[in-house]
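Below you'll find the structure, written out as structure tokens, and then a few comments.
The values are calculated or read from the model by the stated rules, or taken from the named source; none is laboratory data. Because the structure is a prediction, the values reported are computed rather than measured. Neighbour counts are summed over all protein chains in view; Cβ atoms, including those assigned to glycine, are modelled from backbone coordinates with ideal geometry. In case anyone asks, the SASA skips ligands and DNA or RNA and just uses the protein heavy atoms, side chains included. Shrake-Rupley method; radii C 1.70, N 1.55, O 1.52, S 1.80 Å.
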Amino acid sequence: MTMKKASIVAAAVACCVCGCGGKSGGFEADAGIGDGETGPGKQPSPSCQFEGGGSAVDAPLLLATLHDRWHEAWLASPAAADLDGDGVTEIVVPRHNLVLVWHLDGQLVHRLEVPDGRIWASPVVADLSSKRDGLEIAVASRDKVYAWDSGGRLLDGFPAQWQDEMRSLAAGDVDGDGELELVAVSTGRLESGGQRDIVMAFEADGSRVAGYPPNTSGTSGCDDRCYVTGGYDQNIALGDLDGDGADDILATQDNAYVSVHRGDGTAFDAADVFESCSKIQGVRFLHDFEQARQGWADDERSALQAHFTNSAPAIADIDGDGIFELVVLGSVQNAAQTDRKKGVGLWVFHPDGTRLPGWMTPYHAPDYLSGLWDFDGTNVVAATNGVSVADLYPDHLGLEMVFAGFDGRIHCVDAGAKRVWSVPYTDDPRVLTAGVAIADLSRDGRPELVFTTYSPDEGKSFLFIWDASGRELHKVPLPKRGAMPVPTLADVDGDGTLEIIISLKDGEDKSRQVLVYTVSSSSTGCLLWPTGRGNAHRSGFVPSS
């Protein structure tokens, strides 16, 4: 590269880092909200309206045990909603190839069977059509999407078919018509005309949204440098990234690349600073931005890059500039892919591939205990690289991101890529967690963190409640192999306090599959990330306050 060209490229990179296209830059993290090393740090100010409670969180009390048969859970976080508008909340929980709908008193309201196989991802509960009363339930099962009305009747046009296996499903208005669509990401890819597709969008009548599948149909505008392959664990987030009123799609995948589509299927362009590609699907997420910009590593053995196989992403305005960013937790490996035990990296970036100030390299938690691989022969799966996003420290600019590493620790990172705290939850390589739910359990406006652990071994799993600084408040043993799905926090009994709904990994015949705990000190006024993927649409989207 000539000196003149190097100067021009450096200037262009500096422009995009600080925010070209109207993006504001200059974010600088404040200091002193945690200890920056291990935690717990100091208690934050209230994030939500103070409701007159105290600082204590009452111990969770088992309120109900729900059961049907022996069917086990995968990674589907429960849902809680009044489906039919009668004032009674239903609890919706997938168990293998069933969707079970209970009332809190144990009445099984619906038993919806899908013949195709397991339901991996969390159920979508949403108002999919203004033409129908009540809410709908949708799930992905292998190569099909099923949707039912509030009375348990399969909707016309469903099941809708795509690629096997769909482990990601979310609802959003991708075509801007005011109605929700269902968007899925598959492990298996469609290949045609030199392109690959893993993303599909369905209308509420089961038909495909115009322009989908986006790559093989030509809608996306992808060229021969769009590197698309399957996503294996809830690899989707939906949100309006370009301000046109329609939701856009972030799909992480089993390589060092991501797919980002506008709602109409068009792929976002990569910023001009990326020399080797025109679309975001061609941007290689090498840790070093200069090497990512050139598209290859100077030394494949030593350079670090992301791998987004099991990445459950989010869309949020992390730095408070009014523009939504993409937030992804990925595993870290060397670029040669010969050394994969390098921990996890947290990425925050724009849909053109440029990175925010402070995020020119991802936040890296390098230690490795376990989590990359499934436990063989057990149906107990590897760690979900999921990130929960919330305003835990309102006196500190921007949002915080909470996630489990491969190191047996929960990490809290601020909007400037600074560690707030990092606290161990296990030292056992056979214990994992799928992620963290966040809500106020003491009515003081300060959110707590709730998560469960799981293991191929019995007797090692717990329900944890921590405060926002990472201090353990309660630890409750869970039966057998624990719970793989993220728990759901909701007011199930209508008394104004929250319940914790836990879908256990193991199902004991006519005994227990789901545990419901109540926390008497809690309230419903501060539900920041109350379920798997953040909301019942499973979109991973955090609206601006």
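Name the residues in the range 55-80 that are among the charged types (D, E, K, R) and open to solvent by 40 Å² or more (accessible area, probe 1.4 Å), would you?
In the first step, residues of the range 55-80 are kept if they are among the charged types (D, E, K, R); the result is 58, 68-69, 72.
Passing the criteria: D58, R69.
Over 21 Å from V450 (Cβ atoms), open to solvent by 20 Å² or more (accessible area, probe 1.4 Å) and touching a residue at least 60 places away in the same chain (Cβ under 8 Å): does that describe G134?
Details: over 21 Å from V450 (Cβ atoms): yes; open to solvent by 20 Å² or more (accessible area, probe 1.4 Å): yes; touching a residue at least 60 places away in the same chain (Cβ under 8 Å): no.
Spelling it out, it is not the case that G134 is over 21 Å from V450 (Cβ atoms), open to solvent by 20 Å² or more (accessible area, probe 1.4 Å) and touching a residue at least 60 places away in the same chain (Cβ under 8 Å).
Are there strands (runs of 3 or more DSSP E) fully within the range 340-416 with at least 3 residues that are at pLDDT 95 or above and not aromatic (F, W, Y)? List them. Can you show your working first?
On the way: elements: 344-349, 363-365, 385-390, 400-404, 409-413.
Fully inside the range 340-416 and qualifying: 344-349, 385-390, 400-404, 409-413.
Please indicate, with yes or no, whether at least one residue in the range 261-275 is in a loop (DSSP other than H, G, I, E, B) and among the hydroxyl-bearing types (S, T, Y). Let's see the steps before the verdict.
Restricting attention to the range 261-275, the residues satisfying the condition of being in a loop (DSSP other than H, G, I, E, B) are 262-266, 268, 270-275.
Checking which are among the hydroxyl-bearing types (S, T, Y) leaves us with 266.
Checked against the condition, which is being in a loop (DSSP other than H, G, I, E, B) and among the hydroxyl-bearing types (S, T, Y), the range 261-275 yields at least one hit.
Confirm whether W102 is of a type in the set (F, W, Y) and more than 15 Å from S150 (Cβ to Cβ). Lay out the reasoning, then the answer.
On the way: of a type in the set (F, W, Y): yes; more than 15 Å from S150 (Cβ to Cβ): no.
In short, no.
Is at least one residue of the range 207-214 in a loop (DSSP other than H, G, I, E, B), charged (D, E, K, R) and on the phi < 0 side of the Ramachandran plot? Steps first, please.
Restricting attention to the range 207-214, the residues satisfying the condition of being in a loop (DSSP other than H, G, I, E, B) are 207, 209-214.
Filter once more, so that each one left must be charged (D, E, K, R): none.
The answer is no; no qualifying residue exists.
Keeping to the range 438-469, report how many residues are open to solvent by 10 Å² or more (accessible area, probe 1.4 Å) and outside any loop (DSSP other than H, G, I, E, B).
Total meeting the criteria: 1.
Is it the case that the range 232-253 has a residue that's surrounded by fewer than 22 Cβ atoms within 10 Å (Cβ to Cβ), within 19 Å of the chain's Cα centre (by Cα), part of a loop (DSSP other than H, G, I, E, B) and not charged (D, E, K, R)?
Scanning the range 232-253, I find no residue that is surrounded by fewer than 22 Cβ atoms within 10 Å (Cβ to Cβ), within 19 Å of the chain's Cα centre (by Cα), part of a loop (DSSP other than H, G, I, E, B) and not charged (D, E, K, R), so the answer is no.
In the list T531, T518, which residue meets the criterion of being over 18 Å from D58 (Cα atoms) and either open to solvent by less than 20 Å² (accessible area, probe 1.4 Å) or among the β-branched types (V, I, T) (or both)?
Every option except T531 fails the conditions.
If you go through the range 78-128, how many residues are among the acidic types (D, E) and closer than 21 Å to E499 by Cα? Give the steps one after another, and end with the answer.
As a first pass, look at the range 78-128 and keep what is among the acidic types (D, E): 82, 84, 86, 90, 105, 113, 116, 127.
Of the ones still in play, those that are also closer than 21 Å to E499 by Cα are 82, 84, 86, 90, 105.
Selection size over the range 78-128: 5.
Can you confirm whether the range 253-261 contains a residue that is in contact with an Asp or Glu (Cβ under 8 Å, 6 or more places away or on another chain) and either in contact (Cβ under 8 Å) with a residue 60 or more places away in the chain or among the hydrophobic types (A, V, I, L, M, F, W, C) (or both)?
Applying the first criterion (in contact with an Asp or Glu (Cβ under 8 Å, 6 or more places away or on another chain)) to the range 253-261 yields 260-261.
With either in contact (Cβ under 8 Å) with a residue 60 or more places away in the chain or among the hydrophobic types (A, V, I, L, M, F, W, C) (or both) added as a condition, the list becomes 260-261.
Within the range 253-261, one or more residues are in contact with an Asp or Glu (Cβ under 8 Å, 6 or more places away or on another chain) and either in contact (Cβ under 8 Å) with a residue 60 or more places away in the chain or among the hydrophobic types (A, V, I, L, M, F, W, C) (or both).
Which number in (1) farther than 30 Å from I119 by Cβ; (2) of a type in the set (S, T, Y); (3) open to solvent by less than 10 Å² (accessible area, probe 1.4 Å) marks the one condition that Y363 misses?
Evaluating Y363 over (1) farther than 30 Å from I119 by Cβ; (2) of a type in the set (S, T, Y); (3) open to solvent by less than 10 Å² (accessible area, probe 1.4 Å) leaves (3) as the failure.
Out of everything in the range 416-435 that is among the aliphatic types (A, V, I, L, M) and buried (at least 24 other Cβ atoms within 10 Å of the Cβ), what residue ends up being nearest to S503 (Cα to Cα)? So that I can check it myself, show each step before the final result.
Residues of the range 416-435 among the aliphatic types (A, V, I, L, M): 417, 420, 423, 431-432, 434.
Applying the additional criterion that residues be buried (at least 24 other Cβ atoms within 10 Å of the Cβ) yields 420, 432, 434.
Numbers: V420: 30, L432: 15, A434: 12 Å.
Only one residue fits best here, namely A434.
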